[in-house]
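Reviewing the structure listed below.
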Amino acid sequence: MKKTISLDVNGATYETAAEPQDTLLDVLRGNLRLTGTKKGCETGNCGACTVLFDGNAVDSCLILALEAEGHKIITIEGLADASKLHPLQQAFIKYGAIQCGYCTPGMLLSAKALLDRLPRANEEDIRKGLEGNLCRCTGYKQIVEAVEAVVRGEFK
Amino acid sequence: MRITKFEYLTPSSLEEACLVLQQHGSQAAVLAGGTDLLVKMKNPRHSHPQYVVSLKNIQGLEYIRRDKDMLRIGALTKLDAVANSEVIKTAYSSLAFAADNMATPQIRNIGTIAGNLCNAARSADMAPPLMALEALLNIVSPQGTRTIPVDSFFAGQGKNTLRSGEIVTEVVIPLPPARFALWYQKFSPRSARDIAAVGVAVALRLDSGGKCEKCRIFLGAVADTPIRAPLSEAVITGNKIDEVLAAAAGKQAVSECRPIDDNRATADYRRHIVGVVTKDAILEAYRGVVA
Ligand SMILES: Cc1cc2nc3c(=O)[nH]c(=O)nc-3n(C[C@H](O)[C@H](O)[C@H](O)COP(=O)(O)OP(=O)(O)OC[C@H]3O[C@@H](n4cnc5c(N)ncnc54)[C@H](O)[C@@H]3O)c2cc1C
Ligand code: FES
Ligand code: FES
């Protein structure tokens, strides 16, 4: 049976109807049309569906939408501010950390969660922090370099 | 990937949660983080609960604290919190390290310590170290509360010894006595953070002369449940630990495990690895005490 829920996404409140079996990923993409969050494996392995949940990176494919009520959710659509891209987004572009782009939204949000915790993250921290995000294109090198550039303060 | 329909229940107290669980018996499942439960519910080969009892509205199940000579961890404490807790790092850095090397950051931010045990996978990474530490589980039900050792909680692959209406509320770990150390070592052929092909926990206490006074060794992923290795423990106990003795204990552990073939490793390979990892874990635990 559908239930009306209220979700706090990117600072806005959305009222929407969800079934108990709908995942947060289903509702973000299907109901709210926030399709920047990608659907990959749906079993917690690839990280394409990563969103921030009270500031922490989580796989939205493994959270029921009804469980997300009362939590602050940030999706890729909420990363940039109105006038400019987030430093991580600028760095990903500049360092060629995006090829097909499918992993990019999740990769960026995991990187943000990591740097919010560890602003001075080194290469090892970055690799560990991005371990839950698979990329079949880049080989990860450019992604790590982009995050390192943000740590160095190259992008504002 | 669709999840079969179910009824979602959000009791606001433990009493209420236990009652609905008991009422629906085997048709109900507790939802903690859901990182095991939802993966199963997406798999058509698994049987699916008709009632999912979410613990999200139950307050006070997420904490880590020292209480006299015990460490108390609430059932809903996230793996990430276990990994980063100063209290846990101080008492048992190897337990924090085990949590930090499970799964992925995203899963550690959702998955809980009790969920890992209740799911009862043979490879559950929290199980061997908690068993070696003689940790206990506090359990509530409509009939009251009971306490059982983690090492008698597993009943088979994917099966625990909870009865209908029971919920795990707390993991309790004794604080380390003098000259004591824990080491957990996980081996996976893909990467350190993958599901364990073999996991070995060793808890050692030395006497004032430097000999092993007591030792508990538990093997993960190499039998239906995590298992104790008493013959291997006997090799060590009462003796001065060195490479040769640790290798002999490793050899004993090989004889005690009952591994299976799966897509991560063959049974033969697992047996070989049990010997190597047990030896290493004993030496690391020993260094942990003498260092
Ligand atoms: C990609 C991926 C990687 C993983 N890697 C690892 C790994 O490296 N090592 C590892 O050990 N595990 C791993 N896991 C498994 C899982 O993440 C952990 O076991 C986690 O700790 C489960 O906790 P949860 O809160 O999500 O459990 P849930 O899925 O909520 O629950 C698991 C089971 O326990 C029951 N349950 C939960 N809490 C209670 C309670 N308090 N009382 C009674 N019953 C309860 C539920 O009904 C369910 O049957 C991985 C999972 C995924 C998806
Ligand atoms: S789609 Fe969620 S982790 Fe792959
Ligand atoms: S850029 Fe294609 S998957 Fe990462």
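The values are calculated or read from the model by the stated rules, or taken from the named source; none is laboratory data. What you are looking at is a predicted structure, and each value in this text was computed from that prediction instead of being measured. Heads up, the Cβs are rebuilt from the backbone with ideal geometry, glycines too, and the neighbour counts pull from every protein chain shown. Just so you know, the surface numbers come from the protein's heavy atoms only, side chains and all, with ligands and any DNA or RNA stripped out. Shrake-Rupley method; radii C 1.70, N 1.55, O 1.52, S 1.80 Å.
Elements of the type strands (runs of 3 or more DSSP E) sitting completely within segment B:1-65 and holding at least 1 residues that are polar (S, T, N, Q): these cover B:51-54. Taking every residue in segment B:56-78 that is among the hydroxyl-bearing types (Ser, Thr, Tyr) and pairing it with any residue that is open to solvent by 50 Å² or more (accessible area, probe 1.4 Å), at least 6 positions away or on another chain, the pairs with Cβ-Cβ distances below 7 Å are B:Thr77/B:Glu62. The set of residues from segment B:90-101 being touching a residue at least 60 places away in the same chain (Cβ under 8 Å) and open to solvent by less than 20 Å² (accessible area, probe 1.4 Å) comprises B:Tyr92, B:Ser94, B:Leu95, B:Ala98, B:Asn101. B:Leu117 passes every criterion in (1) modelled with pLDDT of 95 or more; (2) within 14 Å of another protein chain (Cβ to nearest Cβ); (3) out of contact with any Ser or Thr (no Cβ under 9 Å at 6 or more places or on another chain) apart from (2). Can we say B:Ala234 is crowded, with 19+ Cβ neighbours inside 10 Å, of a type in the set (A, V, I, L, M, F, W, C) and either more than 30 Å from B:Asp67 (Cβ to Cβ) or modelled with pLDDT of 95 or more (or both)? So B:Ala234 fails the test.
The residues on offer are B:Leu137, B:Leu133, and the sole one that is free of Cβ contacts under 8 Å to residues at least 40 places away in the same chain, more than 22 Å from A:Arg117 (Cβ to Cβ) and touching a strand residue (DSSP E or B) at 6+ places or on another chain (Cβ under 6 Å) is B:Leu137. Checking each residue in segment A:39-73 for being at the interface with chain B (Cβ under 8 Å from one of its Cβ atoms), touching a residue at least 40 places away in the same chain (Cβ under 8 Å) and of a type in the set (D, E, K, R) picks out A:Asp59, A:Glu67. Select from segment B:144-189 the residues that are more than 17 Å from the chain's Cα centre (by Cα) and surrounded by fewer than 14 Cβ atoms within 10 Å (Cβ to Cβ) and write down the one among them that is farthest from B:Arg258 (Cα to Cα). Taking the candidates together, the pick is B:Gly144. Looking for something surrounded by fewer than 20 Cβ atoms within 10 Å (Cβ to Cβ) and within 14 Å of ligand 2 (Cβ to nearest atom) - is there at least one such residue anywhere in segment A:45-54? Scanning segment A:45-54, I find at least one residue that is surrounded by fewer than 20 Cβ atoms within 10 Å (Cβ to Cβ) and within 14 Å of ligand 2 (Cβ to nearest atom), so the answer is yes.
Mind checking which residues of segment B:184-213 are in a loop (DSSP other than H, G, I, E, B), polar (S, T, N, Q) and closer than 23 Å to B:Ile227 by Cβ? So that I can check it myself, show each step before the final result.
From segment B:184-213, those in a loop (DSSP other than H, G, I, E, B) are B:188-197, B:207-211; that's our starting set.
So of that shortlist, the ones also polar (S, T, N, Q) come out as B:188, B:191, B:208.
The one that is in a loop (DSSP other than H, G, I, E, B), polar (S, T, N, Q) and closer than 23 Å to B:Ile227 by Cβ: B:Ser188.
Restricting attention to segment B:71-89, the residues that are within 14 Å of chain A (Cβ to nearest Cβ) and open to solvent by 20 Å² or more (accessible area, probe 1.4 Å) total 5. Note on segment A:14-25: residues that are away from ligand 2 (no atom under 11 Å from the Cβ) and surrounded by 19 or more Cβ atoms within 10 Å (Cβ to Cβ) total 4. Checked against the criterion of being β-branched (Val, Ile, Thr) and out of contact with any strand residue (DSSP E or B) (no Cβ under 7 Å at 6 or more places or on another chain), the candidates B:Ile58, B:Ile73 yield just one match: B:Ile58. Evaluation of B:Asn239 against the conditions (1) over 30 Å from A:Glu131 (Cα atoms); (2) not in a loop (DSSP other than H, G, I, E, B) shows that the sole unmet condition is (2).
For A:Gly36, indicate whether it is assigned to a helix (DSSP H, G or I) and more than 20 Å from B:Gly111 (Cα to Cα).
In short, no.
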